[in-house]
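Report on the following structure.
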Amino acid sequence: MSHKNNEMRHNHGSVTHTSCDHGHAHQCLDISGLAIPRGESHIHQSENWVLYEYGHAHYYKAFSGPSLPLPNGYHVHHWDFYTTMDDGHRHHVKGLDMPAPGV
């Protein structure tokens, strides 16, 4: 297996909150799927539920943007998506995930 293939065998974690809608926000704790090659870069898919709070939860299925190299040889991805509509509203989630080795 080449070095490039080894770099594709990774995922990312993230800890964030959704936007504040309908008077509240939810914690969003996530671990992405493995890398999906895209051109000279790669992306990740994530599918999960935000934390059950305020009597309900929201589901999401999303894809990250391409890898963003960091000076230390690691990289991150930008995420920007909406949850499902539940209890009359939905939430926006956006931000960076946690760094992983490689590009």
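Readers should treat all values here as calculations from the given coordinates under stated rules, not as data from a laboratory. Being a predicted model, the structure only gives us computed values, none of them experimental. Neighbour counts are summed over all protein chains in view; Cβ atoms, including those assigned to glycine, are modelled from backbone coordinates with ideal geometry.
Enumerate by residue number the chymotrypsin sites (Phe, Trp or Tyr not before Pro) in the chain meeting two conditions: DSSP loop (anything except H, G, I, E, B), and at most 11 other Cβ atoms within 10 Å of the site's Cβ. Mind dumping the intermediate values first?
Working: sites: Trp49, Tyr52, Tyr54, Tyr59, Tyr60, Phe63, Tyr74, Trp79, Phe81, Tyr82; in loops: Tyr52, Tyr54.
Counting only loop positions with at most 11 other Cβ atoms within 10 Å, the chymotrypsin sites (Phe, Trp or Tyr not before Pro) in the chain are Tyr52.
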Inset, instruction - Show that you can apply the helix-only estimate: for the chain, add -39,500 (n - 2.57) for every DSSP H stretch of four or more residues, divide by all residues, and state [θ] at 222 nm to the nearest 500. - result: -1500 deg cm²/dmol
Inset, instruction - Order by neighbour count: Ile43, Ile36, fewest other Cβ atoms within 10 Å first, most last. - result: Ile36, Ile43
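Which trypsin sites (Lys or Arg not before Pro) does the stretch 1-75 hold that lie in a coil by DSSP with at most 11 other beta carbons within 10 Å?
Numbers: sites: Lys4, Arg9, Arg38, Lys61; in loops: Arg9.
Within the stretch 1-75, the qualifying trypsin sites (Lys or Arg not before Pro) (loop, at most 11 other Cβ atoms within 10 Å) are Arg9.
Among residues other than His24 whose Cβ falls under 14 Å from its Cβ, what is the net charge (Lys/Arg +1, Asp/Glu -1)? Present the calculation step by step, with values, prior to reporting the outcome.
On the way: positive: Arg90; negative: Asp21, Glu53, Asp86, Asp87.
Taking every other residue near His24 into account, the sum is -3.
If you take the alpha carbon radius of gyration of the chain and divide it by 2.2 N^0.38 Å, what ratio comes out, to two decimals?
Working: Rg = 15.0 Å, N = 103, 2.2 N^0.38 = 12.8 Å.
So the Cα radius of gyration is 1.17 times the expected 2.2 N^0.38 Å.
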